[in-house]
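Trainee: Dropping a structure here in structure tokens format, bear with me for questions.
What follows draws every value from the coordinates through simple rules; no lab data is involved. No experiment lies behind these values; they were computed from the predicted model shown. With ideal geometry, Cβ positions are generated from the backbone for all residues, glycine too; neighbour counts draw on all protein chains shown.
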Amino acid sequence: MSNFSVAQADLDGKDVPARSASRSSLLRAIWKNRILYLLLSPTIIGMIVFQYYPALTAFWGSFHSWDGRRARFVGLFNYEFFLEDPRLLQSWVNIFLLLIFNLASLAMPLLIAYLIYRLPNAAHRYWYRVLVVLPIIAPGFVFIVLWRWLFSLDGGINIILRALGVDSQVVWLGNADTALGSIMFMGFPWIEAFTVLIFLAGFIAIPSEMLDAAAVDGATGWQRFFRIELPQVQGQLKVLVILTFIGTVQDFGRALFMTRGGPGYATMVPGLRMYNAFTQENAYGYASAIGVILFIVILVLTLINQRLIRSTEQ
Amino acid sequence: MHTSRIFTYISHGLLLILIGIALFQVALLFIMSGKSPAEIATNPMLPSLPIEWENYVTAWNMGIRGYLTNSIILSVSIVFGDILLSVIAAYVFARYQFPGKRLLFGLVLALMMVPGILTLVPRYLLIRDLRLLDTLWAVILPSVLGSNAFQIIVLRTFFQSLPEELFEAARIDGAGHRVLLFNITLPLSTAIISSMAILRFNGAWNDLIWPLLVLNRDELRPISVGLVMLSSGAGAPEIGVQMAGSVIASIPMIVIFIVGMRSFIDGLSVGAIKL
């Protein structure tokens, strides 16, 4: 790699005698590596065009009244309009409840992973892993179709309830009292295959000496789980909590396709309000402001989460 | 440490019940896809004979055939383009030093903090201004360009773990980037690349909101949009037909699962560890 040593020296800031010499050697290093920049160019240009430029445009647009063609500066009006809309208070309550629920439901893949990990027979462990992953064959949007039917008046949920002796006539998604709960219940028992595999990988990586030492000390099953095994998957848990934060705050797919945010505002979430603002009202500035607010929420939640985890580790 | 027998029995019981409920939902797609409207009205959720194959014919002719074709074109292009660009970028970042490397890789890393919801509206306008609305490019381009930060980061970590001696020896023999990449790096990385390709395929196949936004013409729609639209509104076909469409939409992942079940699961586990 000798022909790249010049670049290395510049990166490290060492062995640079004078500023002019450094500039010409830098240019020489760039020229020497031109093929590398060429190889990276589709990726970097793509990121700038389809990610960074739209992100900056969103910030710019959020301060404008913008129909997608002409824009007029309106300061913070879009933000005030969104944050002060009394109807949208419900959307914040909903996203908060969904967040709590989605974080709590991480317990299901954790439980599944733990039970599989503790099975003594390797073949059993393997086959349960296969069964957990198997539902991946059906794409996510198929479950929208299925669950819309399950929640309907003569759909699966009511059929099961009636078979159990409850005369249920509830239209689960059409009732303001049950719509949000139904959206949460969708996908029960919430065993996300990828999440199970992440936890499982964490459990498997626990050194057996650690468990042997606990056994010698006479640890009970609960002590073993809470004092040794759970702390050992804390890294995985942290990643999954952040991913759940990011996913939940942005998600409006279920609200859009299951209930359109209704009835009324019962299942409205900020992301869906944004989607409606720009697909139905051409309110691009207003939609951009909602996008920026959700970005800030995600950023703050992620930072708080990292801070909290760090302080508990100390 | 010894696991008690009672604990093991309880574990089996819980696992079978919980995973069983999840699998029953997949089974329901197949069960209901073979039922006539009369059968749905009396016994919708348990298997029954005769199987109403007509549902599949109806679904196929209601547009599923076209949707399926579009989905295959989109997903294959996206997987190919995304993996190719990710592999190239990860190779450069993993094996070379050059001025500005830290800045450029920083651009990749920082993308993990740019959520899709922030860029959705301007990206739509960008596609509109590029006059790509209602073309398959409207889905392919943004899915291939700029949305592969995660893939680059994971692949870079893997490529860094490959021994430098291999590359050094090949360079002495006069190998260029093409040989180093395709004859040395790729053969050593087939497991991680194929599991990544499967995940990317799954993601592209499942993509719903973006194609719904940029593809208005029905004949361009992928099966995700087509099926959800078909099952919405007043003109929706019988639930049996909707479920037949759902089963057809599952075929590619079923094929992948049967062909590579073991490597698929192992690959997913590898990906999980790398996370």
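Trainee: When the Cα centres of segment A:188-236 and segment A:128-152 are compared, how far apart do they sit, in Å?
Mentor: Going from one Cα centre to the other spans 28 Å.
Trainee: What are the ³J(HN,Hα) values, in whole Hz, obtained from phi via the Karplus relation 6.51 cos²θ - 1.76 cosθ + 1.60 with θ = phi - 60°, for each residue of segment B:208-222 in sequence order, with x given for Gly and Pro?
Mentor: Coupling constants for segment B:208-222: 10, 6, 5, x, 4, 5, 9, 10, 8, 6, 4, 6, 9, 6, x Hz.
Trainee: Let me ask something else about it. Enumerate the calculated ³J(HN,Hα) couplings along segment A:271-281 in order (Karplus 6.51 cos²θ - 1.76 cosθ + 1.60, θ = phi - 60°), each rounded to whole Hz, writing x wherever the residue is Gly or Pro.
Mentor: x, 6, 4, 4, 4, 5, 4, 9, 7, 10, 10
Trainee: Go ahead and estimate [θ] at 222 nm for the protein assembly as shown from helices alone: -39,500 (n - 2.57) per DSSP H run with n ≥ 4, summed, over the residue count, rounded to 500.
Mentor: -21000 deg cm²/dmol
Trainee: Related question: Sort A:Thr267, B:Thr8, A:Thr43 so the one with the fewest other Cβ atoms within 10 Å of its own Cβ comes first.
Mentor: Numbers: A:Thr267 28, B:Thr8 16, A:Thr43 25.
Ordered by Cβ neighbours within 10 Å, fewest first: B:Thr8, A:Thr43, A:Thr267.
Trainee: Explain nothing, just compute: Karplus ³J(HN,Hα) = 6.51 cos²θ - 1.76 cosθ + 1.60, θ = phi - 60°, for every residue of segment A:33-49 in order, whole Hz, x for Gly and Pro.
Mentor: Values per residue, Gly and Pro as x: 9, 4, 5, 5, 5, 5, 5, 7, 4, x, 5, 5, 4, x, 5, 5, 6 Hz.
Trainee: Additional query: Between A:Gly262 and residues 5 or more places away or on another chain, which pairs have amide H atoms under 5 Å apart, with H built 1.01 Å from N, and which residues are they?
Mentor: Under 5 Å from the amide H of A:Gly262: A:Thr267.
Trainee: Report the net charge of residues surrounding A:Asp154, where surrounding means a beta-carbon distance below 15 angstrom and charges are Lys +1, Arg +1, Asp -1, Glu -1.
Mentor: Counting the neighbours of A:Asp154, the net charge comes to 0.
Trainee: Tell me which residues come under 5 Å, amide H to amide H, from A:His64 once H is placed; ignore anything under 5 positions away on its chain.
Mentor: A:Val74
Trainee: Treating only the Cβ of Lys, Arg, Asp and Glu as charged (+1, +1, -1, -1), what charge dipole size does segment B:1-115 show about its Cα centre? Round to the nearest 20 debye.
Mentor: Result for segment B:1-115 is approximately 640 debye, rounded to the nearest 20.
Trainee: Where the centre of each part is set by its Cα atoms, how far does segment A:44-104 sit from segment B:157-225, in angstrom?
Mentor: 32
Trainee: Here is a further query. So how strong a dipole does the protein assembly as shown carry about its Cα centre when Lys and Arg Cβ are +1 and Asp and Glu Cβ are -1, to the nearest 20 debye?
Mentor: Details: 40 positive and 33 negative charges, 267 e Å.
Charge dipole of the protein assembly as shown: 1280 debye, to the nearest 20.
Trainee: Then there is this: Two decimals is fine: what is log10 I(q)/I(0) at q = 0.15, 0.16 Å⁻¹ for chain A, from a Debye sum with one equal scatterer on every Cα and no solvent?
Mentor: Once normalised to I(0) and log-transformed, intensities are -1.23, -1.28.
Trainee: With contacts defined as alpha carbon pairs under 8 Å and 6 or more residues apart, what's the relative contact order of chain A in percent? Present the calculation step by step, with values, prior to reporting the outcome.
Mentor: Numbers: 287 pairs, mean separation 82.5, N = 314.
After rounding, I find 26 percent.
Trainee: Set Lys and Arg Cβ to +1 and Asp and Glu Cβ to -1, take the dipole of segment B:54-274 about its Cα centre, and tell me which of B:Ser250, B:Val179, B:Val214 lies farthest positive.
Mentor: It is B:Val179.
Trainee: Could you tell me which residue out of A:Gly155, A:Phe194, A:Gly218 lies farthest along the dipole of segment A:123-249 toward its positive end? Charges go on the beta carbon: Lys and Arg +1, Asp and Glu -1, centred on the Cα centre.
Mentor: Going by the charge dipole, the pick is A:Phe194.
Trainee: Taking +1 at the Cβ of each Lys and Arg and -1 at the Cβ of each Asp and Glu, which of A:Ile48, A:Val74, A:Ala179 sits farthest along the dipole of the protein assembly as shown towards its positive end, judged by Cα position relative to the Cα centre?
Mentor: So the residue we want is A:Ile48.
Trainee: So how many Lys-Lys pairs in the protein assembly as shown land under 23 Å Cα to Cα, not counting same-chain pairs under 8 apart? Show your work: numbers first, answer last.
Mentor: Numbers: A:Lys14/A:Lys32; A:Lys14/B:Lys101; A:Lys32/B:Lys101; A:Lys238/B:Lys274; B:Lys101/B:Lys274.
Lysine pairs meeting both conditions in the protein assembly as shown amount to 5.
Trainee: What does the charge dipole of chain A about its Cα centre add up to, to the nearest 20 debye, if the Cβ of each Lys and Arg holds +1 and the Cβ of each Asp and Glu holds -1? If you can, show how the numbers build up before the last one.
Mentor: On the way: 23 positive and 18 negative charges, 180 e Å.
The calculation lands at about 860 debye.
Trainee: For the residues B:Thr190, A:Thr259, what sequence is obtained by ranking on other C-beta atoms within 10 Å, fewest first? Numbers along the way, then the final one.
Mentor: Numbers: B:Thr190 11, A:Thr259 23.
Lowest to highest Cβ neighbour count: B:Thr190, A:Thr259.
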